[in-house]
Amino acid sequence: MRKKIAFGAIALASAVALAGCSGGESTEPTEAAPIDGSGQELTIWVDANRKPAVEAAAATFEDETGATITLVEKNFEDIRADFLAQVPTGEGPDITVGAHDWLGALVAGGVVNTVDLGDKASEFEQVALDAMTYDGQLYALPYSLETVALIQNVDLVGEDAPATWDDMIQAGLDSGAERPVVINTAGQTGDGYTMYGLQTSFGAPVFVQDASGSYTNEIGMGGEAGDAFATWLGENGESGTGYISTTIDYDTNNELFNSGQAAYTIQGPWAIASFPDVNVKVNPIPSAGGEPAAPFVGVQGFYLSSQSENTLLANEFLVNYIGTEEAQQALYDQDPRIPAWSTVAEKAASDPITAGFLASSQNGVPMPSIPEMGSVWDYWNAAEVQIITGADPVSTWNTMIDDLTAALNG
């Protein structure tokens, strides 16, 4: 896993080199002074949540460069498909907001260009840069993070973070709660996403990451580490302790925790509003397998189109107008997700709930954006459900690995 890198001094990049991908144009480094964009226009796709913050940066950019920026408001759910369809025809935007797990499809479609942040890279949480990296190349400027963490009922178990699963279970039992912990399995569907931090604590990542942080297509959750996780899952399933059960879907999970029937849960910041009756503390997920728990981290950011006719201008706006502490703060103020810009994240962490999710994200790893990830979920979730409900853990897990490997190689 990759921790965040040290904060650097906040400085405007004096040069930005942009490496082109399919359909993109090469560029020369920009100067420290704003470039002359007179008569040039950029089109940016953005959703309603992010639009006001981008508008503010765009106004400054227009004043300083003479360029014109047109913002097109779109539903976030529509952007990925529309971007893939329209960029090859020349009808797409120069820049779009988007999620990191789109990256594999965007690169495969040849619709995004690489971004060189220069010295600005040191200002971002490392997991955010890793998420926007594909085959060793950075393809977007990140701005926000999200992940799951351990949420605990302070009135039942206090604020201290349990170091291990066993510590957590014991504290939950000692609290007198009906359940020490409740974890969403999406019922009979399975939820490898929520369980992933516990799985990685056994050293069993879904795919192996290379030195650059990019995911390879090598499955990493087989072997002894995978067997150990599967065994633990069975021991804590319905034929074992019963702490993990397929009777728990998202709503049931939240109801049990909010009513005080469970002392701990693993959830994301999106669930906090479901706990109005609980005095909560958010901490990193405890280790079940001896290694640090590394949950999936989702990242959002801004992509540069490979077909932009004004690549240099677009990159200037992206790196030197969105890639500033002021702009990143405005994005957080407008849509309070965990900031990817480290100093903004530090300020946001004055809120203890945000601080807890930030700490969890700093332990985490990006959810894979490679195309192969789309084939994983059904096999993975189904195997976890089978193990939780009493199937032989090791043979079930290894059958899943074999079936998944065949599907990926097919």
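Of the cross-linked pairs K51/K74; K120/K347; K51/K281, which ones have a Cα-Cα span greater than 21 Å in the structure shown?
Details: K51/K74 10 Å; K120/K347 18 Å; K51/K281 32 Å.
Checking Cα-Cα distances, K51/K281 exceed 21 Å.
Distance between the C-alpha centers of segment 137-178 and segment 41-57? Whole Å please.
Taking the Cα centre of segment 41-57 as reference, the centre of segment 137-178 is 34 Å away.
Name the long-range amide H neighbours of F207: under 5 Å, sequence gap of 5 or more, or other chain; modelled H, no Pro or chain starts.
G220
Rank-order 240-248, 338-346 by packing density, defined as the average count of other C-beta atoms within 10 Å over each peptide's residues, highest first. Could you put the intermediate results ahead of the total?
Numbers: 240-248: 16.9, 338-346: 23.3.
Taking the mean over residues of other Cβ atoms within 10 Å, the ranking is 338-346, 240-248.
Any idea what diffusion coefficient the chain gets from Stokes-Einstein, in µm²/s, Kirkwood Rh on alpha carbon pairs, 37 °C, 0.692 mPa s?
Values: Rh = 22.3 Å.
The Stokes-Einstein estimate is 147 µm²/s.
List the relative contact order of segment 270-410 as a percent without decimals, with contacts defined as Cα pairs under 8 Å and 6+ residues apart.
Values: 94 pairs, mean separation 39.8, N = 141.
Normalised by residue count, the contact order of segment 270-410 is 28 percent.
How high is the relative contact order of segment 124-201, in percent, with contacts defined as C-alpha pairs under 8 Å that are six or more residues apart? Intermediate values should be presented prior to the final figure.
Details: 42 pairs, mean separation 11.8, N = 78.
Computed value for segment 124-201: 15 percent relative contact order.
If you restrict to DSSP beta bridges whose two residues both lie in the chain, what percentage is antiparallel, to the nearest 5?
Counting DSSP beta bridges with both partners in the chain, the antiparallel share is about 65 percent.
Can you give me the three principal axis dimensions of segment 139-207 from its C-alpha atoms, in Å, biggest first?
49, 30, 23
Where a number appears in this text, it was derived from the coordinates with a stated rule and is not lab data. Remember, predicted model here, so these are calculated numbers, not experimental data. Backbone-built Cβ (ideal geometry, glycine too); neighbour counts: all protein chains shown.
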